[in-house]
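Chemist: The structure's right below; bear with me while I get my questions together.
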Amino acid sequence: GAGADNDLYINQAIVFIEDAIQYRSINHRVDSKSLWLYRWYYSRTCQWILSLTITVILALAFIEEPSSLTVTSDVRYRLPAWNPPCGLTESLELLCFLVFVVDVSVKSYLIGWKEFWKNKWLMAYILTLIVSLADWIVSLSFFCKESVRIRRILRPFFLLQNSSMMKKTLKSINSTLPEMASVVLLLAVHLSLFTMFAMLLFARTKDNQQDKEWVVYFRNLPDSLTSLLVLLTTANNPDVMIPAYSKNRAYSIFFILFTVLGNLFLMNLLTAIIYNQFRGYLLKSVQSSLFRRRLGIRAAFEVLSSLKETPASAQQSCVSVGALLQVLQKAEMDSRCKQAIMRSLKMCSCDQLSAAQFQKLFEELDKDAIKQHPPSPEYQSHFMQKMQFAFGHPCFGYLGNVVALANIISICVVLVMDADKQPSERDDFFLGAINCFFILYYLLEMLLKILAMGLRRYLSYPSNRFDGLLTVILLILEIATFAVYGFPHPGWRPEFMGLLSLWDMVRLVNMLIVFRFLRIIPNMKFMALVVTTLLDLVKNLRAFAGILVVVFYAFAITGIMLFKGAVVPLGNTSAANTTHNNGTLQCGTYEQLEYWPNNFDDFAEKKVYSWCSAHFQAGVVYYLLYVLSVHLICRWAKIYFVAWWLISSVIWVNLFVALLLENFIHKWDRRCQRESLSGIEYQRTVELMFRDVLEEPTEEELMEKLHQHPHLQLCR
């Protein structure tokens, strides 16, 4: 009947508005049972279970063979790791696969059969599950003794397909690749030509004493390419030049030209191209997100306009305010936005809303999240009012910064004076007394600020929460120190008691005091701008970090399969002998530099190794040293390391620089507008970052897209 139809329209509107809030596609089934299943699937509980499942299956790499459950990764000292029995991690893996099967089944049903064949991500999801389950069966049939497990490399896909923003970011990166490839190709040509020049310049001669450049760096084509590739990152500069430079200073021109053209021009040109192209494609993806939001809101309007209570005499479609209020009460949305929309509805004098009015109401979703601080308490006493004015004034905060700086300087002076003293000669009295005085001041400062601002207003500022938390921790540590070791006095060097020695307690207190000095950041506008830019990157660019995790994970698993066990300690030498024998090892080798902890023997160590090798110079040095230790296994190992260097140090770092620049420039351009609004904090998302340059979709575009909906039949 009419009541059942109205309930269906209300539920459809609720789901469409929730889709708009989350930038989700509305191309899904819209019957009553499907809507219930859809809301259940996107509920916090289900999404939490799915996220936990993804976390568990990715974390299995830390405990399954080869296990990372060892204190050290150094092959000389590492004890045999505990490896789980066959079937333990496989059982957890099977449970994860079952959750993924339910996930892909629900998704496939909700979008419908026709949409399923258009969705490449879902098809890849099913294929990944089939391959993973087949590999899981093979693993059990070999009693978990197989060395290659394909499903481990495929695990990051489960993280990737679960995030729409990660998919958009990946699509943007993929669209940027052709422009990046042109510069990378130019780099390859630059590297190849200079390699030929180097092999001709530093060819072998009859005089062995003059052939050091040829012997060490340019003996053959692979070595020459490797030497210049490392020079491109300046990791072996000036070492690669010294043998030739010692013969003739004119040889330096070759290396200077190579570095200037490659490192200063081509690498920075690559950064510029990535910034320009990636910003454009990211803007397009954000534009499509805005279209999804507008489409979801318009779809909600269209279904609500089909309610039986809508006046038949209306010349154009309209929605009653009562129906919208009913939808808002049931929809899952931010309380700030919901309250703002309801306030606008109460201020509205009309009972019916047009499409434009309906859309304008939900523009509240696009606005900055504004946090207004609670008011300060109002004191009746004249004395208390003066106290409130004095201790609530910014100058009191500046005084606290000066005191914190004095504390840091005093700690530095004491540390410099005691730097060369033995622990038995050190007198902790001065440092203990200084800490006691300053911590008491910090406590007094916190209490006076709470008196002036009120507890709620004090806690509403992140800088105050940071300051207050550290002050409380410092006070607890100081009380614990006095309870265990007594009050400071000359010659204060008591014996070790409790969990930490007196010196350890004092060091911990001093580290927290140094950390507390970061409170000055909000008082320095430019520094605060830089810090808020970094915090925005951390909060809003999770998709970018997720793709980095995917790449790290895949390369780590591949590295374990290729190079596990490649690093072997030199015989059975002890730690002392190894140190003593360093002089007999070739300078700069893997063994001489004692890079034994950097290996591919377990997942945790490979992640640390990948992080180190993602940072320019260190990465290529590690790569070279590692290749020297595994070249007897496979000379093609260089391909793996060069690929990782290109993806991590060249592409990923430049993408990060591009996004950092975009965020910083946006904040820099808007800083003047924000300076005039004191007491207000703005929180922006990636979508809001580009809000000023986005184009609003037209009504014709929205209606055309709605009429193409595979499961929704509109009345007009």
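Chemist: Would you please classify the overall shape of the range 43-162 from the alpha carbon gyration tensor, given that a ≥ b ≥ c denote the square roots of the eigenvalues, rounded means a/c under 1.5, and beyond that prolate means a/b larger than b/c while oblate covers the rest? Walk me through the intermediate numbers first.
Modeler: Values: a/c = 2.63, a/b = 2.01, b/c = 1.31.
Prolate, since a/c reaches 1.5 and a/b exceeds b/c.
Chemist: Rounded to the nearest Å, what's the spacing between the alpha carbon centres of the range 199-270 and the range 375-397? Just the number, please.
Modeler: Cα centroid of the range 199-270 versus Cα centroid of the range 375-397: 68 Å apart.
Chemist: Which residues' amide hydrogens lie under 5 Å from the amide hydrogen of Ser320, considering only partners 5 or more residues apart or on another chain, with H built in the peptide plane?
Modeler: Amide H to amide H, under 5 Å and 5 or more residues apart or across chains, Ser320 pairs with Leu353.
Chemist: Here is a further query. Between rounded, prolate and oblate, where does the range 148-198 land on the alpha carbon gyration tensor, with a ≥ b ≥ c its root eigenvalues, rounded for a/c under 1.5, else prolate if a/b exceeds b/c? Numbers along the way, then the final one.
Modeler: Working: a/c = 6.66, a/b = 1.88, b/c = 3.55.
Oblate, because a/c is 1.5 or more while a/b does not exceed b/c.
Chemist: Which entries in Lys168/Lys330; Lys338/Lys705; Lys171/Lys330; Lys33/Lys120; Lys330/Lys705 show an alpha-carbon gap greater than 32 Å? Mind showing how you got there, number by number?
Modeler: Values: Lys168/Lys330 30 Å; Lys338/Lys705 27 Å; Lys171/Lys330 35 Å; Lys33/Lys120 26 Å; Lys330/Lys705 26 Å.
Too far apart for the 32 Å limit: Lys171/Lys330.
Chemist: Magnitude of the Cβ-charge dipole of the range 172-285, K/R +1 and D/E -1, about the Cα centre, nearest 20 debye?
Modeler: Numbers: 8 positive and 6 negative charges, 16 e Å.
Rounded to the nearest 20 debye, it is 80 debye.
Chemist: Separate question: Can you figure out the FRET efficiency of Met511 with Val403, using R₀ = 22 Å and their beta-carbon distance, to the nearest 0.05? Write out the running numbers ahead of the final one.
Modeler: Details: r = 18 Å, r/R0 = 0.83.
With R0 = 22 Å, the Cβ-Cβ based efficiency is 0.75.
Chemist: Further question on the same structure: Is the shape of the range 172-285 rounded, prolate or oblate, going by the alpha carbon gyration tensor and its root eigenvalues a ≥ b ≥ c, with a/c under 1.5 for rounded and a/b larger than b/c for prolate? Working shown, then result.
Modeler: Details: a/c = 3.74, a/b = 2.80, b/c = 1.34.
Note, shape of the range 172-285 comes out prolate.
Throughout, read-outs are computed from the coordinates displayed, never taken from laboratory work. As the structure is a prediction and not an experimental result, all values here were calculated from the model. Every residue, glycine as well, gets a Cβ built from its backbone with ideal geometry; the counts of neighbours run over all protein chains shown.
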